[in-house]
Amino acid sequence: MLNILMTGDVVGESGRRAVARLLPTLRQEYQLDLVIVNGENADGLGLYISSAQKLFQAGADVITLGDHIYDKTEIYDYLAQEPRITRPLNFNPATPGSDRVLVNIGQARVMVVSVIGLLKISIYAAMSPFAALDQLLAELEMWPENGKPHVIMIDFHAEDSREKQALGWYLDGKVSGIAGTHTHVPTLDARILPKGTGKVTDLGMCGPRNSSLGMDIDAALTRFIQGMPSMYRVADGPAQFNSVVFQIDETTGKCVSIERVDRIVELDGEVHSSLPAGPTTARTDSQAMSYSLFGKRTAND
């Protein structure tokens, strides 16, 4: 079995600090084989190179991104060089970055893919996530058996819950797990679908708890009460850490258990949990990990 943790969007410094504080403990507690972190808001809107490196140092194995992927221009060339970061699969092929990450964990091959939704989200030219994933799955059917991924994990960065629900059902039995990101609000619908795909509508976020989706409350209220524009800024204070652990049978590619892992972190104090400890059936062996590069590499290629 593979134990795979996926986190909600990391928001600002408090989100980065919460990830750095919790991941080493959770990796042991849940005997994690793979940690997938959505770094899309790690620097408010977008991701700086230094923050990506800190997330990797904290224990992230793969970083997924979404609609703010290109908000920090310094990241463009880094996306072309770093095999552990994936841009949304359904972006225009000319955009920089890899459209998937393939991780070798011992004898198991895990593919991590991000797709972006089209409803209620302002984004660059993107094709349907349904069509993009159809194309990918058809492509994988043509791969040699000794190269095909045993496990496929999807980060669906989307606003509309209907679109997230629909894609989850559409992919049931075709991928191992699908987790929604982007709204920063955790949902309580983590389940295994009938054909063996683990699904949760939204993971939530890793960021300031006393906030409006990670942003300063007063700035958010100005927009709604006064009807005037206000510069969003990341809030301070204790952080929430929202994530889900998928346990995947790498021989079948099916999800056998799914569990929310949510914590409240007093960044200079205690960590509070409302959930039980991790599964006792988790693997305990330490395994080497390697990555492969895919897709468009730089904007100038």
Checklist entry - Consider Leu26 against the criteria (1) modelled with pLDDT of 95 or more; (2) surrounded by 24 or more Cβ atoms within 10 Å (Cβ to Cβ); (3) not hydroxyl-bearing (Ser, Thr, Tyr): it satisfies all of them except one. Which criterion is unmet? => result (2)
Checklist entry - From the residues in the range 155-175 that are among the aliphatic types (A, V, I, L, M) and part of a helix (DSSP H, G or I), which one is farthest from Val103 (Cα to Cα)? => result Ala166
Checklist outcome for this item: If we keep only residues of the range 209-248 that are crowded, with 17+ Cβ neighbours inside 10 Å and of a type in the set (D, E, K, R), then the residue nearest to Ser14 (Cα to Cα) is Arg209
Checklist outcome for this item: Those residues of the range 186-205 which are touching a His at 6+ places or on another chain (Cβ under 8 Å) and at positive phi amount to Gly204
Checklist entry - Which members of the range 181-214 meet the condition of being hydroxyl-bearing (Ser, Thr, Tyr), within 14 Å of Glu159 (Cα to Cα) and in a loop (DSSP other than H, G, I, E, B)? => result Thr183, Thr187, Thr201
Checklist entry - What's the number of the condition Pro186 fails, among (1) buried (at least 19 other Cβ atoms within 10 Å of the Cβ); (2) over 23 Å from Asn242 (Cα atoms)? => result (2)
Next on the checklist: Considering only residues that are among the β-branched types (Val, Ile, Thr), within 13 Å of Gln240 (Cα to Cα) and at pLDDT 85 or above, which ones fall in the range 250-282?
Outcome noted: Val261, Ile264, Val265
Item to check | Selection from the range 37-46 of residues that are in a loop (DSSP other than H, G, I, E, B) and at pLDDT 95 or above | outcome: Gly39
Next on the checklist: So, in the range 127-159, how many residues would count as being aliphatic (A, V, I, L, M), surrounded by fewer than 24 Cβ atoms within 10 Å (Cβ to Cβ) and either at positive phi or within 19 Å of the chain's Cα centre (by Cα) (or both)?
Outcome noted: 3
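Quick check on my filter: what residues within the range 214-231 are of a type in the set (A, V, I, L, M, F, W, C) and within 28 Å of the chain's Cα centre (by Cα)?
So in the range 214-231, the residues of a type in the set (A, V, I, L, M, F, W, C) come out as 215, 217, 219-221, 224-225, 228, 231.
Those that are of a type in the set (A, V, I, L, M, F, W, C) and within 28 Å of the chain's Cα centre (by Cα): Met215, Ile217, Ala219, Ala220, Met231.
The values are calculated or read from the model by the stated rules, or taken from the named source; none is laboratory data. Predicted model, so just to flag it, every value in this text is computed and none were measured. Virtual Cβ from ideal backbone geometry, glycine too; neighbours counted across all protein chains shown.
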